[in-house]
1. Which value at 222 nm does the chain reach when only helices count, each DSSP H run of 4 or more adding -39,500 (n - 2.57), with the total divided by all residues and rounded to the nearest 500 deg cm²/dmol?
2. What is the magnitude of the charge dipole of the stretch 46-145 about its Cα centre, with +1 placed on the Cβ of each Lys and Arg, -1 on the Cβ of each Asp and Glu, and no other charges, expressed in debye to the nearest 20?
3. Remind me, relative contact order of the chain in percent, using alpha carbon pairs under 8 angstrom and six or more residues apart?
4. Choose one answer from K110, K14, K127: the residue with the largest mean-square fluctuation in a GNM of the chain with alpha-carbon springs under 10 Å.
5. Net charge near S115, counting Lys/Arg +1 and Asp/Glu -1 over other residues with Cβ under 15 Å of its Cβ?
6. Would you mind calculating the gained length between I125 and Y151 on full extension (0.36 nm times residue separation, minus the Cα-Cα distance), in nm to one decimal?
7. Can you say what percent of the DSSP beta bridges in the stretch 72-150, counting only those with both residues inside, are antiparallel? Round to 5.
8. Taking every DSSP beta bridge with both residues inside the chain, roughly what % is antiparallel (nearest 5)?
Amino acid sequence: MTRTGFAQMEEELKRLKSVERPAVINALEEARAHGDLSENAEYHAAKERQAYIESRVAELESKLSRAQVIDTSELKGKTVKFGATVTVVDEDIEEKLRFQIVGEDEADIKQHRLSVQSPLARALIGKEVGDEVEVVTPGGGKFYELVKVQYK
């Protein structure tokens, strides 16, 4: 994953441990004070939230401990690799698209961050400026031309 993705995961883990976990413990204590737990909706909701938080903490700790962090600013070259920011032209509609190829956990198409596991990213890996790739979609093949590769 990229340094940015790693930092975002660390921040989420910190927030879960220092803010969310104490808040759910307080909610559980408050719900217990209301008496009968078998029919206490607040208690059951807090328990579900606690289970989610603990599960997410374990997941993030596992991913962070196994992460291979890549500093994309140190990457160079003319071919597309993990971490590259690429500009392609959708040849069907002549529209330019720009995105960075990132790890699966940090992908967010709204922020122009495309998972390395996506069909388009897999098709672009190893290609150079000027190359054309075809990506199979449910609606048929789509063609893209690679017009720019940069590493930041």
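1. The helix contribution divided over the chain gives -12500 deg cm²/dmol.
2. The calculated dipole for the stretch 46-145 is roughly 400 debye.
3. Here the relative contact order equals 23 percent.
4. Result: K110 has the largest fluctuation of those listed.
5. Charge balance near S115 sits at +1.
6. So the extension gain works out to 8.0 nm.
7. 85
8. Percentage antiparallel, nearest 5: 85.
Only the coordinates and a few stated rules stand behind these numbers; no lab work does. Keep in mind that what you see is a predicted model, and the values were worked out from it rather than measured. Reconstructed Cβ throughout: ideal geometry from the backbone, glycine too, with neighbour counts over all protein chains shown.
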